[in-house]
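**Q** Quick one: the structure is below, and I'll ask about it shortly.
The values are calculated or read from the model by the stated rules, or taken from the named source; none is laboratory data. Just so it is clear, the structure is predicted and the values come from calculations on it, not from any experiment. Ideal geometry is used to build each Cβ from the backbone, glycine not excepted, and the neighbour counts take in all protein chains shown. Please note that ligands, DNA and RNA were not included when accessible areas were found on the heavy atoms of the full protein model with its side chains. Shrake-Rupley method; radii C 1.70, N 1.55, O 1.52, S 1.80 Å.
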Amino acid sequence: MSLFCEKLCSVLLLEHFGPIVQSVGDDLFKHGAKSLGFIRATTGLPLPKVKEALCVLLQYGFAIHRQTEKGIQYHFLPDKVITILRYPRYMFFAKKFCGDEAEMMLEEVLKRGYETASQIIIKTFHRLEQHRSEHQSSLSMLKDKFELLVKNQFLTRSICTETMDEGPAEKIECNVPDLNMQAMAQIMQGNTDDPGDNKIYWRVNLDRFEQDLRDQIMVSAITKRVDENAGELMRQLLFLMYLRTASWADTSNPIPYSEIKEAVRKINYPLLVQYLDQYLRLLEEDSSQFLKRVGDSGGGQFSINTKEAFSQLAWTTVENIVMERFGSKAARIFRLVRSRKYVEQEQIQQLAMIPAKEAKHLTYTLLQENYLQMQELKKAGASAAPTKTFFLFYIDLNQVVRMEIEHCYHALYNTIQRREQESASNKRMIDKQLRIQTLTSNLKEHGATEEQLAEIVEMMTPSEKLQLEKVQNTIKKLGGSELQIDETLFLLTMYLHYH
Amino acid sequence: MEIDPGPSEEHNVNASTEDSPEIIEQKIIALAHTKTKGISDKDILSEMPDVQPVQRALVINKLLSQGLLDLYKQDKILLYRLKDPNKVKTAKGADNEEKIVYTIIEEAGNKGIWIRDIRFKSNLMPTQLNKILKSLETKKFIKAVKSVAASKKKVYMLYNLEPDRSVTGGAWYQDQDFEAEFVDVLNQQCYRFLEQKRKETKDCRGGPIAARNITFATSREVWKFISDLGISKVKLSVDDLEMILNTLIYDGKVEKTLSNDGTYLYRAVEPLLEPPGLIKAPCGVCPVRKNCSDFGDVSPINCQYITEWLA
Ligand code: SF4
């Protein structure tokens with residue numbers, strides 16, 4: 001694995017779980033699978049600390065354990081650690097499909113790795129009470145929301161048990177247990193009671209969210225390429241795909257026209273209903289090749305080609321990167337080599353219509369930066385003539401994508417470093433503001449007067465306030481940038497998943 | 001080499017409907033054989049009524065330059081007379097080597113041939129070959145033409161030939177200099193035309209397929225638009241325009257589809273994605289990223305690029 005992937009995982013663990021989990025994570029990353037004893041030896045941490053850290057890693061799904069002849073071995077899962085970056089987007093999805101309360105519940109689970117249904121509901125209830133007293137929410141309403149999350153498969157049963165000795169993953173039941181609502185109400189009052197779901201834990205179904213993010217990319221690509229209606233059609237097709245195909249298959253099983261028509265009729269897109277045939281034909285004929293007609297029976301059979309879709313999307317992404325880094329002429333050369341597969345320098349300048357010198361310069365820059373590859377081809381000429389050598393340029397997309405993934409890791413790592421630095425160097429002020437906030441809310445509870453409150457707010461000088469605002473904006477902007485870089489990272493990772 | 005097949009296709013078309021220059025040449029020689037006193041333009045016209053005057057002039061010029069015909073005036077009429085074959089030889093002053101080189105160059109046609117390739121084909125020593133080429137050049141049997149493919153490369157071809165576009169570069173070259181700005185302007189204007197068509201679909205009420213079909217344009221339509229603009233000093237052909245349209249395809253702005261009747265249709269397209277998030281971040285486009293590490297002069301902590309971006 002790569003250097004920057006390691007560094008990125010390391011800073012993520014540090015930021016969210018502290019230095020001990022970080023060093024155990026680092027250690028596992030460097031050495032692959034390892035047993036508890038060895039981890040203790042290489043990290044030099046006391047055994048209880050190592051155990052604690054491992055617990056955290058297992059709890060959040062960042063590591064797994066396997067029984068081998070050498071005892072229990074722990075494996076690190078860097079890809080899962082990187083999903084930390086996507087938590088805000090997962091929460092956004094939960095909010096979109098299941099509402100604000102569901103978003104909070106999901107956040108609770110994300111914060112803790114896994115949790116019982118009753119605890120999730122109780123915690124969310126408390127939080128709601130604190131934040132929005134005007135909005136009354138009841139326990140049973142939260143229970144419904146929880147069931148909705150489960151029904152949408154945003155949450156799934158956790159197979160991680162406290163004893164950590166579960167056998168091969170058997171099929172887990174995903175029914176929400178019957179909760180004893182009265183007992184829960186008791187617990188809320190501060191009494192102990194049994195809500196009836198002891199040891200039944202739930203975790204976030206990362207796979208499901210990855211699918212959502214993947215589908216979202218495809219839908220918005222089609223929306224951008226054609227229009228809203230076509231995008232909605234794509235979404236409906238993806239729903240239909242789930243009914244008959246394993247979620248990560250390269251292509252979907254054939255979807256009959258009649259079902260598409262049925263599905264489209266149920267949603268409020270009149271133009272799509274009217275022109276369904278035409279939209280299907282448009283998607284089918286579009287060069288992006290997301291959809292293929294695979295049969296003609298019953299008005300047509302259609303198959304979604306996710307694999308091809310992500311190949312097109314990865315190409316577009318990489319082309320864009322080349323464009324931004326080396327200019328539009330370089331991007332023209334890059335696309336030209338893509339469409340010609342193998343091409344000579346001379347052809348490049350002729351077809352791209354770029355002056356020979358500039359074309360050569362750009363081609364060799366791209367070669368040097370590994371966006372292009374060169375192959376030497378020797379052709380024996382007439383006996384007297386020396387062998388003629390051709391240099392053909394081509395693109396190895398997989399390699400370029402891997403390189404760009406590394407680029408994303410590096411950019412993420414740097415951005416996080418900078419963000420940490422910005423908040424560390426302004427720590428005093430940020431802390432001060434926190435103190436003021438706590439003080440204010442405490443005093444409010446004790447019925448402080450307006451004047452008293454105003455006095456406390458005055459503790460911040462105007463220049464401090466200005467500075468604080470600046471720092472907060474900086475941190476926000478850097479955080480936003482991390483999300484954006486991760487979008488690229490996700491798309492490219494998806495491509496590699498399929499290729 | 002894939003240089004525009006257009007013109008050569010046209011040649012073929014001519015050849016199939018009319019006689020090729022070689023046949024006309026032979027016919028004229030045969031005619032000249034029958035009349036040792038010489039033939040006039042009139043004679044040729046009555047013998048070969050189909051031959052266009054231009055073509056006749058071309059063939060005659062060629063025969064004259066090759067020294068096969070003599071030209072003289074009699075009673076104010078121009079007459080062509082066949083030269084004595086023996087005399088031809090001495091008149092040309094050609095020896096065997098010269099003949100060989102001449103044939104090699106002749107075979108290369110209007111694409112010309114590079115001196116190195118002549119050397120391989122003829123097996124002559126460089127100095128000797130140079131002498132022969134000089135002598136053929138001074139006699140105006142052949143000429144050297146600078147090729148645009150490589151700045152210092154000269155190719156040889158028969159004196160009377162019009163160099164192929166792959167040698168001169170066609171409309172895009174002025175004295176071997178590539179006119180990059182001209183190409184850029186055309187590239188932009190073609191795109192403007194296609195993009196305009198795409199915008200028109202906003203008001204289209206006939207369904208998505210009809211809307212898409214409005215966006216299509218043939219290369220001839222684009223050519224007409226550009227010609228009407230009058231931005232080009234030289235006369236451009238439809239083939240020239242197709243070269244420009246291809247650059248738009250490589251720019252990712254235009255797509256080409258084969259229509260049912262076999263012509264290509266062009267249309268402006270939207271890319272699948274917004275620019276990726278990576279390149280919106282400073283580190284996504286950073287020129288010194290390779291040198292950037294936690295410690296040292298280039299590091300994220302003190303990075304000027306990020307500082308500027310944050311400002
Ligand atoms: S931190 Fe600054 S110097 Fe380093 S890669 Fe990013 S932009 Fe470039």
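**Q** Can you give me the accessible area per residue for the protein assembly as shown, using a 1.4 Å probe, in Å²? List each step's numbers first, then the result.
**A** Working: 42940 Å² over 810 residues.
Here the residues of the protein assembly as shown average 53 Å² of exposed surface.
**Q** Once you charge only the Cβ atoms, +1 for Lys and Arg and -1 for Asp and Glu, what is the size of the charge dipole of the protein assembly as shown about its Cα centre, to the nearest 20 debye?
**A** Details: 107 positive and 110 negative charges, 605 e Å.
Value, rounded to 20: 2900 debye.
**Q** Same structure again: Report, in degrees rounded to the nearest 10, the 0 to 90 angle that the Cα long axis of helix A:47-59 makes with the longest principal axis of chain A.
**A** Helix A:47-59 and the main axis of chain A meet at about 70 degrees.
**Q** Next question. List the accessible area buried at the contact between B and A, summed over both sides and calculated with a 1.4 Å probe, in Å² to the nearest 100. Walk me through the numbers on the way to the answer.
**A** Values: alone 21070 and 27120 Å², together 42940 Å².
Summed over both sides, the interface buries about 5300 Å².
**Q** Just to confirm a number: summing +1 for Lys and Arg and -1 for Asp and Glu over residues other than B:Y250 whose beta-carbon lies under 12 angstrom from that of B:Y250, what do you get?
**A** Numbers: positive: A:K329, A:R332, A:R335, A:R338, A:R340, B:K253, B:K256; negative: A:E319, B:D251, B:E255.
Result for the neighbourhood of B:Y250: +4.
**Q** While we're on this one: Could you let me know the centre-to-centre spacing of the stretch A:71-135 and the stretch A:204-247, using Cα atoms, in angstrom?
**A** After rounding, the separation between the Cα centres reads 23 Å.
**Q** Next question. Rank A:I187, B:I279 by accessible area, highest first, at a 1.4 Å probe radius?
**A** Details: A:I187 40, B:I279 15 Å².
Greatest to least solvent exposure: A:I187, B:I279.
**Q** Right, here's the next one. Mean-square fluctuation check for chain B, GNM, Cα pairs under 10 Å: which of B:L31, B:L245, B:L133 is largest?
**A** Greatest mean-square fluctuation among the candidates belongs to B:L31.
**Q** Shifting gears a bit: Amide H neighbours of B:W114 under 5 Å, at least 5 residues apart or on other chains, H built in the peptide plane: list them.
**A** Here the answer is B:Y156, since their amide H atoms fall under 5 Å of that of B:W114.
**Q** Another question, then. Is the shape of chain B rounded, prolate or oblate, going by the alpha carbon gyration tensor and its root eigenvalues a ≥ b ≥ c, with a/c under 1.5 for rounded and a/b larger than b/c for prolate?
**A** Values: a/c = 3.94, a/b = 1.82, b/c = 2.17.
Oblate shape, in that a/c is at least 1.5 and b/c is the bigger or equal ratio.
**Q** Here's another thing I want to ask about it. Using a 1.4 angstrom probe and counting only protein chains, how large is the accessible area of B:T218 in Å², to 10?
**A** Spelled out: B:T218, probe radius 1.4 Å, area about 40 Å².
**Q** Follow-up. Per residue in the stretch B:199-241, which ones lose no less than 50 Å² of accessible surface when going from chain alone to all protein chains (1.4 Å probe)?
**A** The answer is B:P208, B:I209, B:R212 - residues whose exposure falls by at least 50 Å² when every protein chain is included.
**Q** Using label points projected 7 Å from each Cα along Cα→Cβ, tell me how many nm separate A:E455 and A:F391, to one decimal.
**A** 7.9 nm
**Q** Now, a different point. Considering Cα pairs under 8 angstrom that are at least six residues apart, work out the relative contact order of the stretch B:96-168 and quote it in whole percent.
**A** Working: 100 pairs, mean separation 27.6, N = 73.
Dividing the mean separation by the residue count of the stretch B:96-168 yields 38 percent.
**Q** Tell me, what HN-Hα J-couplings in whole Hz come from the Karplus equation 6.51 cos²θ - 1.76 cosθ + 1.60 at θ = phi - 60° for each residue of the stretch A:410-420, using x for Gly and Pro?
**A** With coefficients 6.51, -1.76 and 1.60, one gets 4, 4, 5, 4, 4, 5, 5, 3, 5, 4, 4 Hz.
**Q** Turning to a different aspect of this structure: Using a/c under 1.5 as the rounded threshold, could you call the stretch B:178-268 rounded, prolate or oblate? The axes a ≥ b ≥ c are square roots of the C-alpha gyration tensor eigenvalues, and prolate needs a/b larger than b/c, oblate otherwise. All intermediate terms of the calculation are to be shown ahead of the outcome.
**A** Details: a/c = 1.99, a/b = 1.76, b/c = 1.13.
Cα axes put the stretch B:178-268 in the prolate bin.
**Q** Roughly how many percent of the accessible protein surface of the protein assembly as shown is carbon and sulfur, given a 1.4 Å probe and a whole-percent answer?
**A** 52 percent
**Q** Tell me which of B:W172, B:T201, B:G277 sits at the most positive position along the dipole axis of the stretch B:164-286, charges placed on C-beta atoms (Lys, Arg +1; Asp, Glu -1).
**A** Going by the charge dipole, the pick is B:T201.
**Q** Still on this model: Report the charge-dipole magnitude of chain B in Debye, nearest 20, computed about the Cα centre from +1 at each Lys and Arg Cβ and -1 at each Asp and Glu Cβ.
**A** Working: 45 positive and 45 negative charges, 215 e Å.
So the magnitude is around 1040 debye.
**Q** Only protein chains counted, 1.4 angstrom probe. Which residues of the stretch A:406-432 are at least 20 Å² less accessible in the assembly than when their chain is isolated?
**A** A:H407, A:H410, A:A411, A:Y413, A:N414, A:Q417, A:R418, A:Q421
**Q** Counting alpha carbon pairs within less than 8 Å and at least 6 residues apart, what relative contact order, in whole percent, applies to chain B?
**A** It comes to 10 percent, rounded to a whole number.
**Q** So, one more: So how much slack lies between B:Y72 and B:A180, counting 0.36 nm per residue of separation and subtracting their Cα-Cα distance, in nm? Intermediate values should be presented prior to the final figure.
**A** Values: separation 108, 0.36 × 108 = 38.88 nm, distance 4.89 nm.
Contour length minus Cα-Cα distance gives 34.0 nm.
**Q** Please give, to one decimal in nm, the separation of the simple spin-label points placed at B:E195 and A:L271, each 7 Å out from Cα toward the Cβ.
**A** Roughly 2.2 nm, to one decimal.
**Q** With θ set to phi - 60°, apply the Karplus curve 6.51 cos²θ - 1.76 cosθ + 1.60 along the stretch A:111-116 and write out the HN-Hα couplings as whole Hz, x wherever there is a Gly or Pro.
**A** My calculation for the stretch A:111-116 gives 5, 10, x, 8, 6, 7 Hz in order.
**Q** Okay, moving on. Over chain A, what is the mean sequence separation of C-alpha contacts under 8 Å (at least six apart), divided by residue count, expressed as relative contact order in percent? Let's see the in-between values first.
**A** Working: 562 pairs, mean separation 51.7, N = 499.
The value is 10 percent.
**Q** Using alpha carbons only, how many angstrom separate the centre of the stretch B:266-311 from the centre of the stretch A:1-16?
**A** With the stretch B:266-311 and the stretch A:1-16 each reduced to a Cα centre, they are spaced 19 Å.
**Q** Using θ = phi - 60° and the Karplus form 6.51 cos²θ - 1.76 cosθ + 1.60, what ³J(HN,Hα) does each residue of the stretch B:130-141 get, whole Hz, x for Gly and Pro?
**A** Once rounded to whole Hz, the list reads 4, 4, 4, 4, 4, 5, 5, 5, 5, 7, 6, 7.
**Q** Another question, then. Looking only at other chains, what is the average number of their beta-carbon atoms within 10 angstrom of each beta-carbon in B:247-259? Present the calculation step by step, with values, prior to reporting the outcome.
**A** Values: counts 8, 1, 5, 16, 9, 11, 1, 0, 2, 1, 2, 0, 0.
If you average over the peptide's residues, the count of other-chain Cβ atoms is 4.
**Q** Need one number: nm distance between label points at B:K27 and B:A210, each 7 Å from Cα along Cα→Cβ, rounded to one decimal.
**A** 5.6 nm
**Q** Search the structure for amide H atoms under 5 Å from the amide H of A:I255, placed 1.01 Å from N in the peptide plane, and list their residues when 5 or more places away or on another chain.
**A** Excluding prolines and chain starts, which carry no amide H, the hits are A:F302, A:S303.
**Q** So, one more: Can you tell me the alpha carbon radius of gyration of the stretch A:401-498 divided by the globular rule-of-thumb value 2.2 N^0.38 Å? Don't skip to the end; give the middle numbers.
**A** On the way: Rg = 20.0 Å, N = 98, 2.2 N^0.38 = 12.6 Å.
Against the compact-globule rule of thumb, the ratio is 1.59.
**Q** Looking at the stretch A:1-96, which GluC sites (Glu not before Pro) are in a loop (DSSP not H, G, I, E or B) and have at most 13 other Cβ atoms within 10 Å?
**A** Qualifying residues, ordered by number: A:E69.
**Q** Now a separate question. Given q = 0.04, 0.08 Å⁻¹, what are the Debye log10 I(q)/I(0) values for the protein assembly as shown, with equal point scatterers placed on the Cα positions and solvent ignored?
**A** -0.31, -0.91
**Q** Using amide H atoms built in the peptide plane, which far-off residues or other-chain residues are under 5 Å from B:S40 H to H?
**A** Hits under the 5 Å cutoff: B:Y80.
**Q** Sticking with this structure for a sec: Is there a simple number for the mean count of other chain Cβ atoms within 10 Å of the Cβ of residues in A:486-495, and what is it? Write down the numbers at each step before the final one.
**A** Working: counts 2, 6, 9, 3, 1, 4, 2, 0, 0, 0.
Other-chain Cβ atoms within 10 Å of each residue's Cβ, averaged: 3.
**Q** Alpha carbon centre of the stretch B:179-252 versus the stretch A:265-301: separation in Å?
**A** If you average the Cα positions of each part, the centres end up 29 Å apart.
**Q** Here's something else I'd like to know. Compute the acute angle (0 to 90°) between the alpha-carbon long axis of helix A:139-151 and the principal axis of greatest extent of the alpha-carbon atoms of chain A; round to the nearest 10°.
**A** 20 degrees
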